[in-house]
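First the structure, in the form of structure tokens, and then the observations on it.
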Amino acid sequence: MQKLWFILKLVLLAGVIGTIVYLIWFSPLSVTAHTAQKGLLIAEVMGTGTLEARVETTISPKISGRIVEVMADQGIRVTEGDLLVRLDDAELKQQVEIAQANLDATSAAIVRLTTDKDRAAAVYNQAKKSNERILVLVQKNASSQDDADKAVEALAVAEAGVSRAEAAIAEGQKEIVAAEKTLEYHRARLHDTKIVAPFDGLIVKRNREPGDVVVPGSSILTLISTDELWIRAWVDETEMARLKTDQSARVLFRSEPDKAYPGKVVRLGREADRETREFIVDVLVLELPAYWAVGQRAEAFIEITRKDDVLLLPASLIVKRDDATGVFIDRDGVAAWRPISVGVRSRDTVEVLEGLSEGDSVIMSKNSKMVITDGRKVATP
């Protein structure tokens with residue numbers, strides 16, 4: 001009895017397996033049909049990267065000091081010359097006042113020295129005339145040699161006085177130059193307590209607050225120009241020969257994946273990453289979304305070919321058989337292989353050059369696990 005039951009189970013199992021095999025291999029395979037149509041084909045190269053500003057600068061002080069006020073915050077647009085940061089200037093104002101007072105005092109001293117020189121020059125001229133007069137008298141024996149010696153001595157003293165006055169003025173002029181440079185230095189430092197925008201742009205980052213002590217090079221704000229914002233996209237090196245400047249592009253930001261923004265290629269990198277084998281392509285974004293941020297991720301699709309009125313098929317319908325390319329068509333309920341010649345390919349569409357005509361129906365299995373074979377019965381909904 002057990003043996004009979006075992007045989008019965010084997011028969012039932014064989015029947016089930018046979019039914020499954022029949023359904024799989026001999027029943028019509030459910031397929032979907034696609035009609036070949038003419039249309040516009042755009043072939044693109046994709047690169048992934050980030051939104052960057054071509055012109056970016058760090059707002060930092062030229063001098064050390066304490067921040068009194070930060071007039072701009074991130075997200076604020078500024079104009080060239082706008083005051084952005086103010087440092088404590090009390091001590092520097094005092095230094096400017098001291099330097100100005102020193103210059104004024106030195107200038108006044110020069111005036112006094114000039115007056116002294118004029119007096120010394122007058123004494124010298126008088127001594128010179130007296131000396132000349134006495135020399136004439138000595139020659140006429142109307143004056144003694146002792147008078148002549150005294151006149152020469154007086155002339156020498158007067159000449160020395162002029163020389164001292166001139167030397168004092170020369171030294172004073174040097175002091176004036178030094179005082180002017182000192183004043184200029186302190187005025188420049190006072191001027192540097194006010195930090196202004198070097199160009200029109202947008203503040204994208206704020207790093208310091210009032211009360212912070214900063215030194216030259218400290219980052220207070222980050223300013224970018226919004227005139228040129230581009231995607232620094234990484235593209236596979238195999239696409240290098242297909243790209244050139246001024247090619248049109250569409251940019252998809254990950255914050256708005258369903259909307260494309262126009263762009264164009266402005267620069268091609270000339271160095272590939274040695275690990276990823278990708279190179280940089282800069283795509284200028286011609287129109288920005290309402291909300292954007294430097295550094296956000298985006299995809300750039302660069303147009304390399306545009307062909308209109310060509311026969312098109314979804315790339316998913318193309319089947320490789322050995323070295324041939326083809327598709328399956330429905331021939332009276334039976335799948336038939338048809339070789340075709342293809343041209344330009346986009347990401348999901350292929351141009352058909354030969355082997356199909358407009359209106360031809362191409363089929364593919366509804367079940368990705370079930371492969372269409374030549375001669376297989378098929379059924380469309």
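The values are calculated or read from the model by the stated rules, or taken from the named source; none is laboratory data. Small disclaimer: the values here were computed from a predicted structure and weren't measured. Every residue, glycine as well, gets a Cβ built from its backbone with ideal geometry; the counts of neighbours run over all protein chains shown.
Tabulated values for the structure
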{"item": "Given (1) over 30 Å from Ala335 (Cα atoms); (2) in contact with a Lys or Arg (Cβ under 8 Å, 6 or more places away or on another chain); (3) surrounded by 14 or more Cβ atoms within 10 Å (Cβ to Cβ), index of the condition Glu69 fails", "result": "(3)"}
{"item": "Whichever residue in the range 346-367 is polar (S, T, N, Q) and closer than 13 Å to Leu317 by Cβ and, among such residues, is modelled with the highest pLDDT", "result": "Thr349"}
{"item": "Pairs where the first residue, in the range 247-260, is assigned by TED's automatic domain parsing to the domain that holds Val283 and polar (S, T, N, Q) and the second is surrounded by fewer than 15 Cβ atoms within 10 Å (Cβ to Cβ) and outside any loop (DSSP other than H, G, I, E, B), C-beta under 8 Å, 6+ apart", "result": "Ser248/Pro262"}
{"item": "Count of the range 307-340 residues which are farther than 24 Å from Arg376 by Cβ and surrounded by 13 or more Cβ atoms within 10 Å (Cβ to Cβ)", "result": "4"}
{"item": "Any chance Thr50 is closer than 30 Å to Gly269 by Cα, outside the structural domain of Ala168 (by TED's automatic domain parsing) and either in contact with a strand residue (DSSP E or B) (Cβ under 9 Å, 6 or more places away or on another chain) or of a type outside the set (Val, Ile, Thr) (or both)", "result": "yes"}
{"item": "Failed item, numbered, when Glu358 is tested on (1) over 38 Å from the mean Cα position of the chain (by Cα); (2) at negative phi; (3) part of a strand (DSSP E or B)", "result": "(3)"}
{"item": "Residues of the range 358-381 satisfying the condition of being charged (D, E, K, R) and within 19 Å of Ala36 (Cα to Cα)", "result": "Glu358, Asp360, Lys366"}
{"item": "Residues of the range 347-360 satisfying the condition of being polar (S, T, N, Q) and surrounded by 13 or more Cβ atoms within 10 Å (Cβ to Cβ)", "result": "Thr349"}
{"item": "Meets criteria (more than 16 Å from Thr35 (Cα to Cα) and among the acidic types (Asp, Glu)) for Asp323", "result": "yes"}
{"item": "Residues that are acidic (Asp, Glu) and surrounded by 14 or more Cβ atoms within 10 Å (Cβ to Cβ), drawn from the range 183-207", "result": "Asp192, Asp200"}
{"item": "Per-region count, the range 208-251, residues surrounded by fewer than 17 Cβ atoms within 10 Å (Cβ to Cβ) and closer than 26 Å to Ala290 by Cβ", "result": "4"}
{"item": "Tally of residues being closer than 10 Å to Trp230 by Cα and at pLDDT below 90 across the range 252-287", "result": "0"}
{"item": "Residue satisfying all of: in the range 44-95; assigned to a loop (DSSP other than H, G, I, E, B) and among the β-branched types (Val, Ile, Thr); nearest to Ile280 (Cα to Cα) among these", "result": "Val55"}
{"item": "Number of positions in the range 36-61 that are surrounded by fewer than 15 Cβ atoms within 10 Å (Cβ to Cβ), more than 17 Å from the chain's Cα centre (by Cα) and of a type in the set (D, E, K, R)", "result": "1"}
{"item": "Search result, residues across the range 206-238 that are small (Gly, Ala, Ser) and in contact with a strand residue (DSSP E or B) (Cβ under 8 Å, 6 or more places away or on another chain)", "result": "Gly211, Ser219, Ser225, Ala233"}
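This table checks each residue for (1) more than 20 Å from the chain's Cα centre (by Cα); (2) small (Gly, Ala, Ser).
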position: Lys181; (1), (2): yes, no
position: Arg187; (1), (2): yes, no
position: His191; (1), (2): yes, no
position: Pro210; (1), (2): yes, no
position: Val214; (1), (2): yes, no
position: Gly217; (1), (2): no, yes
position: Ile224; (1), (2): no, no
position: Glu256; (1), (2): yes, no
